[in-house]
Amino acid sequence: MDVSGQDAPRSWLGTPPPEAEGRSSEELPVPLWQHLPGVLTGNVQSFINWARSNSIWYMTFGIACCAIEMMATGASKYDFDRFGMIPRASPRQTDLMIVAGTVTEKMAPRIKTLYEQMAEPRWVLALGGCASNGGPYHEGYNVVDGVDKIVPVDIYVPGCPPRPEALLHGVMLLQEKVRWVQSAEKTART
Amino acid sequence: MSERVRDTGSAAIRERVRAVLPQLTDDPSTVDLPAFRVDRTGLLDVMRVLRDAPECGFQYLSCLSGVDYPDHLDVVYHIFNLQNGAGVCLKTSAPKSDPVLPSATAVWPGANWHEREVFDLLGVRFEGHPDLRRILMPEGFDAGYPLRKDFVDSRPAKVRLVRSR
Ligand code: SF4
């Protein structure tokens, strides 16, 4: 990549300094790294965030019709792999839980258990209306009105079911979120 | 496959079942399969004959479902003969005041989970079932039988899985 350009890609290099707000790049002092072609400076956190955001492994786990769209997204046409998204069959190896489907009251404790088995940092994506707020089964006799009642959700993808493009957009939003993590570790939020 | 007869002649199937079980009454409300109605007292014997008699040979229970009517509960069995593809529909009913039926698991073991589902959602109790527990509703659900038309979810909102955080 061209590191001598005027507009450094922000997500590689962390937050711009506060004095950069509202000023064009000509007014700012030329940063040291721009004199050294081929050398990138940044902090370790940016590097970790970059690595994490491009290797989000998700749990092989689907609970209703939305899982079909998740499978379609993982298959060759939409190809999750190009985002570094690899399905893992064990929650202990995963970073992301895609809740793809209706959360019934019977399933809810199992989902919470799966979430608790995931290693931190971990993220949750609610795929579809059901996982977001109950969707078509809102206030059903056996339906939890959204998976956010039992686990914290990072990204909501609406739709019934959402198209694979929508899921990909949700995943890209999640990558953006992961890249902007500032602290050394994402704090536990259970 | 080609020599296997696909037996869909409803009239012929009806005749054959009639020959061994004259006590069954026709149920005209079902049109896709020959349908019979049977009283719950003789249900198990009828099932055994349907499975074992050479004229019938319905050894496969394809579906067992429950229906809620205003004054009674129906249980419907769809059974098939895998040799010739013939199938019949058997219906029985139980009053809501005493929703008890003999379990079909003694005849078709595959009825096990189907009966648990009918018990769970409609409240039919199957006598002789090896493990009659709720299957779809969560453990400890005690607000009634949700597929009954008069079901009202009386649980207070906080019992309905409030935030456990
Ligand atoms: S949102 Fe629609 S497609 Fe997705 S699980 Fe619910 S009902 Fe199925």
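The values are calculated or read from the model by the stated rules, or taken from the named source; none is laboratory data. For clarity, every value in this text was computed on a predicted model and none was experimentally measured. For neighbour counting, all protein chains shown are included, and Cβ atoms are generated from backbone atoms with ideal geometry for every residue, glycine included.
Please pick out the residue among B:77, B:60, B:69 that is of a type in the set (Phe, Trp, Tyr), away from chain A (no Cβ under 14 Å) and touching a Cys at 6+ places or on another chain (Cβ under 9 Å). Talk me through it step by step, then tell me what you get.
Details: B:60 fails: touching a Cys at 6+ places or on another chain (Cβ under 9 Å); B:69 fails: touching a Cys at 6+ places or on another chain (Cβ under 9 Å).
Of the residues listed, the single one that is of a type in the set (Phe, Trp, Tyr), away from chain A (no Cβ under 14 Å) and touching a Cys at 6+ places or on another chain (Cβ under 9 Å) is B:77.
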Report summary line: Of the residues in the stretch B:118-131, those that are free of Cβ contacts under 8 Å to residues at least 24 places away in the same chain and surrounded by fewer than 19 Cβ atoms within 10 Å (Cβ to Cβ) number 1
Query - Subset tally (residues that are away from the ligand (no atom under 12 Å from the Cβ), under 14 Å from residue A:148 (Cα atoms) and either among the charged types (D, E, K, R) or buried (at least 22 other Cβ atoms within 10 Å of the Cβ) (or both)) for the stretch A:91-109 - result: 2
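Working only within the stretch A:112-124, note down all residues that are more than 23 Å from residue B:135 (Cβ to Cβ) and either away from every other protein chain (no Cβ under 12 Å) or within 14 Å of the ligand (Cβ to nearest atom) (or both). Show your work before the answer.
Kept after step one, since they are more than 23 Å from residue B:135 (Cβ to Cβ), are these residues of the stretch A:112-124: A:115-124.
Across the stretch A:112-124, the qualifying residues are A:117, A:118, A:119, A:120, A:121, A:122, A:123, A:124.
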Query raised in the report: How many of the residues making up the stretch B:125-148 are at the interface with another protein chain (Cβ under 9 Å from one of its Cβ atoms), more than 25 Å from residue B:108 (Cα to Cα) and in contact with a strand residue (DSSP E or B) (Cβ under 9 Å, 6 or more places away or on another chain)?
Result: 1
Report task. Would you please name the residue that is nearest to the ligand (Cβ to nearest atom), looking only at residues in the stretch A:125-149 that are surrounded by 24 or more Cβ atoms within 10 Å (Cβ to Cβ) and farther than 25 Å from residue B:120 by Cα? Result -> A:128
Query - Near pairs, Cβ below 6 angstrom, 6+ apart or cross-chain, from the stretch A:123-152 (assigned by TED's automatic domain parsing to the domain that holds residue A:107) to any residue that is in a strand (DSSP E or B) and within 9 Å of the ligand (Cβ to nearest atom) - result: A:127/A:100
